[in-house]
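The values are calculated or read from the model by the stated rules, or taken from the named source; none is laboratory data. Remember, it's a predicted structure, so these values are computed and weren't measured experimentally. Cβ placement follows ideal geometry from the backbone for every residue including glycine, while neighbour counts extend to all protein chains displayed. Remember, those area values only see protein heavy atoms, side chains included, never the ligands or the DNA or RNA. Shrake-Rupley method; radii C 1.70, N 1.55, O 1.52, S 1.80 Å.
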Amino acid sequence: MFTAEAFWGLMAPIGKDAMTHGLDGIDMVSFRVLGGAILFWITSLFVKKEHVPAKDLLLFACAGIFGLVCNQCLYTIGLSITSPINSSIVTTSMPIFAMVLSFFILKEPITFQKALGVFIGCCGAIILILSSAAAVSSKVGDIRGDLMCLGAQLSFALYLSLFNKLIKKYNVFTVNKWMFLWATLMIWPFTGSHVMAIDWVNVPTQTWWEAFYVVFCGTYMGYILTMIGQHTLRPTVVSIYNYIQPIVSVVVSILTGMGVFTLKHGIAVILVFSGVWLVIKSKSKKDLEEAKS
């Protein structure tokens, strides 16, 4: 889990640098879905095959819309606009969206602790967005990018809430090979001509290595390592590692001069982290039922 979160934390500044030296957000998200599809399909040849009926194949297409198409398009393009620091802070807000959606979709109860966590986390997000709205440099942030990254977390939370049973039914390689394939089929017809227009010869070699990192480490390896961690560690332990991603991203962004960490960033981090911690620590519906019995 530490390595997966560190990969994702590094992906923000590395991806941002690639998208300022020869590639853009549309190029990067196109490479991510196609690269992910190729890597997961190759890997699936060496693991136990699972039969997927036609009904579930269609469900994977729907899951791909929320889990990959909307999620990765919004996050990657949002990252190309805003600072890597802002994008990584916003990424930690996903449990808050998941909790709110679980209330409406899975009928999970909202306790006072959860409600307080959502309120505190939202205050942090608002401070971050307002600071971006007043920013004069993308190193501080950009409200458009921040909102797109927030939208990416909402999309992924919808994916987890709506397709929870489907995800648990198959192993990670089956889930991802079909989702990435569907995402590629949905995205590339619209982005293919844009990608083909890249000035391939003049794109720096470093940019191609950075794109490779985003696809292989930030996408493929990140998913696999997370799967191993989730199967080995308790959910509460897994959730603690979520805070590594923004810490790595902030440190690297500051050291490389790609981002500026302000007092408002610090306040936003404290509020978002505190809100997420309260949501994660609060009892689920299953916990409450077990306590009653």
Over the chain, what percent of the accessible surface lies on carbon and sulfur atoms, probe 1.4 Å? 73
Other residues with Cβ under 15 Å from the Cβ of GLY25 give, with Lys and Arg +1 and Asp and Glu -1, a net charge of -3
3J(HN,Hα) from dihedral phi, region 180-197, Karplus parametrisation 6.51/-1.76/1.60, rounded to Hz, x for glycine, proline: 5, 5, 4, 4, 4, 5, 7, 8, 4, x, 9, 10, x, 5, 5, 5, 5, 7
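With a 1.4 Å probe and all protein chains kept in place, how do LEU150, LEU233 rank by accessible area, largest first?
Working: LEU150 30, LEU233 60 Å².
Order by accessible area, largest first: LEU233, LEU150.
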Using alpha-carbon pairs under 8 Å, 6+ residues apart, how would you state the relative contact order of the chain in percent? 41
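Given the rule -39500 (n - 2.57) for each run of at least 4 DSSP H residues, summed and divided by the residues of the chain, what is its mean residue ellipticity at 222 nm, to the nearest 500 deg cm²/dmol?
Values: 16 runs with 220 residues, N = 293.
After summing the helix terms and dividing by residue count, I get -24000 deg cm²/dmol.
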Pseudo-spin-label distance ASN171 to LEU185, built 7 Å along Cα→Cβ, given in nm, is 2.3
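Ordering THR219, THR91 from largest to smallest accessible area (1.4 angstrom probe), what's the sequence?
On the way: THR219 0, THR91 30 Å².
From most accessible down to least: THR91, THR219.
Starting from the residue with the highest accessible area, list ASP24, ASP142 in decreasing order, probe 1.4 Å. Could the numbers behind the result be given before it?
Working: ASP24 55, ASP142 30 Å².
Ranked list, largest accessible area first: ASP24, ASP142.
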Between LEU130 and ILE267, with labels modelled 7 Å along Cα→Cβ, what's the label distance in nm to one decimal, could you check? 0.7
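Given 0.36 nm per residue, what is the gain on full extension from MET221 to THR111 after removing their alpha carbon distance, in nm? Working shown, then result.
Values: separation 110, 0.36 × 110 = 39.60 nm, distance 3.56 nm.
Computed gain between MET221 and THR111 is 36.0 nm.
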For ILE129, the net charge from surrounding residues (Cβ-Cβ under 14 Å; K, R +1; D, E -1) works out to 0
Starting from the Cα of TRP209, step 7 Å along the direction of its Cβ; do the same at THR3; then give the gap between the two resulting points in nm. 2.1
Rounded to the nearest 0.05, FRET efficiency between HIS51 and LYS281 (Cβ-Cβ, R0 25 Å) equals 0.05
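Of the peptides 200-207, 121-128, 53-60, how do they stack up when ordered by the mean number of other Cβ atoms within 10 Å, highest first? Display every interim value, and only then the final one.
Working: 200-207: 10.9, 121-128: 20.4, 53-60: 13.2.
My ranking of the peptides, most packed first, is 121-128, 53-60, 200-207.
Which net charge results when you count Lys and Arg as +1 and Asp and Glu as -1 among the other residues whose beta-carbon is under 13 Å from that of SER80? Show your work: numbers first, answer last.
Numbers: positive: LYS16, ARG32, ARG144; negative: ASP17, ASP24, ASP27, ASP142, ASP146, GLU210.
Surrounding charge for SER80 is -3.
Excluding ligands, DNA and RNA, what is the solvent-accessible area per residue of region 1-148 at a probe of 1.4 Å, expressed in Å²?
42
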Full extension from LEU58 to THR256: what is 0.36 nm times the residue separation minus their Cα-Cα distance, to one decimal in nm? 66.9 nm
Taking amide H atoms as placed 1.01 Å from N in the peptide plane, list the residues 5 or more away in sequence, or in a different chain, whose amide H sits under 5 Å from that of THR82. GLY145
